[in-house]
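I have placed the structure first, in the form of structure tokens, so that the comments after it can refer back to it.
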Amino acid sequence: MHIRTLAAASALAVLTLTGCSAVQALPGPATPSLAAPTPSSRATASASETTAGAETPPSQTSPAPADTRAGAQLNRPYVVDGILVVNKNHRLGPGYVPAWASQPQGLRPDVRAAADRLMAAAKADGVPLKIRSGYRSYATQKASFDRAMRTQGAAKARAYYAEPGASEHQTGLAFDLWDGRNRGDAFKRTPQAAWIAQHAVEYGFIVRYPNGRESVTGYLWEPWHLRYVGTDVARRFGPNATLTLEEFLGLS
């Protein structure tokens with residue numbers, strides 16, 4: 001599957017960049033460390049808000065350690081191999097607000113810059129795209145999920161909408177695209193959706209919820225939902241990928 005070798009110097013550089021702690025979260029307040037991760041400490045719960053998809057590929061082949069955060073520790077994200085992970089099994093607390101939440105669309109500046117490059121390329125290819133939804137706070141996500149439960153029913157709501165704390169939108173590292181007109185199933189049939197599947201990895205993004213992989217991700221196909229992981233990692237997924245982030249990091 002994946003060959004994950006990472007020199008200690010590279011690991012230290014990633015850790016310094018992302019601000020990750022070097023050990024799995026333990027009960028009680030955690031103190032961030034600058035020590036490079038060891039093979040037995042791939043998973044970390046960051047005390048920093050600056051973690052994201054690191055440019056350095058994952059370093060290990062073994063499954064990631066369990067996420068043991070609880071309570072207030074959920075206000076620190078779960079990180080594996082320098083990549084922040086948020087899903088139904090690895091959540092964020094209501095107190096997690098990234099430092100860039102007040103930026104345009106609430107996206108981290110380098111993520112927004114990569115998104116701008118992606119959208120410029122799409123426009124040049126005749127398939128213009130726009131960001132429809134970027135950062136969402138815990139409270140905003142709760143309101144969105146509750147509204148979907150009321151109006152669309154539990155089955156559809158849980159297939160397409162994340163519960164509060166389980167949404168990547170809370171990180172400011174993910175966003176939804178559209179063509180300005182089509183949403184949901186209608187967007188799936190657009191040239192824009194096909195273009196995203198082919199080219200997103202060139203700009204450091206993956207389609208986070210690929211077609212046919214709901215048993216792994218917990219969500220139906222969302223060709224509009226992109227997650228930034230950095231170009232080195234994204235290119236290992238490849239164009240039109242059905243690989244999921246959970247599988248890539250040994251979480252599934």
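Listed conditions (1) over 12 Å from the mean Cα position of the chain (by Cα); (2) surrounded by 17 or more Cβ atoms within 10 Å (Cβ to Cβ); (3) charged (D, E, K, R) are all met by R235, apart from (2).
If you take the residues of region 68-99 that are within 16 Å of the chain's Cα centre (by Cα) and charged (D, E, K, R), which of them is surrounded by the fewest Cβ atoms within 10 Å (Cβ to Cβ)? Going through the qualifying residues, I end up with K88. Checked against (1) open to solvent by less than 10 Å² (accessible area, probe 1.4 Å); (2) assigned to a helix (DSSP H, G or I); (3) more than 21 Å from Y219 (Cα to Cα), Q141 passes all but a single condition, namely (3). Scanning region 202-246 for residues that are over 22 Å from G134 (Cβ atoms) and in contact (Cβ under 8 Å) with a residue 60 or more places away in the chain yields D232, R236, E246.
For region 128-138, filtered to residues that are outside any loop (DSSP other than H, G, I, E, B) and either open to solvent by less than 50 Å² (accessible area, probe 1.4 Å) or aromatic (F, W, Y) (or both), the residue that is nearest to I196 (Cα to Cα) is I131. Name every residue in region 194-232 that is in contact with a Gly (Cβ under 8 Å, 6 or more places away or on another chain) and open to solvent by 10 Å² or more (accessible area, probe 1.4 Å), in order of residue number. Once the filter is applied, which keeps residues that are in contact with a Gly (Cβ under 8 Å, 6 or more places away or on another chain) and open to solvent by 10 Å² or more (accessible area, probe 1.4 Å), region 194-232 yields V201, W221, Y228, T231.
Close Cβ contacts (under 7 Å, 6 or more residues apart or on different chains) running from residues in region 141-156 that are over 21 Å from T171 (Cα atoms) to residues that are exposed (fewer than 12 other Cβ atoms within 10 Å of the Cβ) and among the small types (G, A, S) are absent.
Every residue in region 171-193 that is open to solvent by 30 Å² or more (accessible area, probe 1.4 Å), touching a residue at least 12 places away in the same chain (Cβ under 8 Å) and out of contact with any helix residue (DSSP H, G or I) (no Cβ under 9 Å at 6 or more places or on another chain), please. Scanning region 171-193 gives G180, R183, K188, P191.
Close Cβ contacts (under 9 Å, 6 or more residues apart or on different chains) running from residues in region 63-82 that are under 16 Å from A166 (Cα atoms) to residues that are modelled with pLDDT of 95 or more and among the hydroxyl-bearing types (S, T, Y) comprise D67/Y78; R69/Y78; L74/Y96; N75/Y96; R76/Y96; P77/Y96; P77/T171.
Working carefully through the options R112, R117, find the one that is in contact with a Phe, Trp or Tyr (Cβ under 9 Å, 6 or more places away or on another chain), loosely packed, with under 15 Cβ neighbours inside 10 Å, not aromatic (F, W, Y) and not in a strand (DSSP E or B). Walk me through how you get there before you give the answer.
On the way: R112 fails: loosely packed, with under 15 Cβ neighbours inside 10 Å.
Testing whether each residue is in contact with a Phe, Trp or Tyr (Cβ under 9 Å, 6 or more places away or on another chain), loosely packed, with under 15 Cβ neighbours inside 10 Å, not aromatic (F, W, Y) and not in a strand (DSSP E or B) leaves just R117.
The values are calculated or read from the model by the stated rules, or taken from the named source; none is laboratory data. Everything numeric here is computed off the predicted structure, so don't read it as measured data. All Cβ positions, glycine included, derive from the backbone under ideal geometry; neighbour counts span all protein chains shown. For the accessible areas, the whole protein counts, side chains as well, though only heavy atoms, and no ligand, DNA or RNA atoms are used. Shrake-Rupley method; radii C 1.70, N 1.55, O 1.52, S 1.80 Å.
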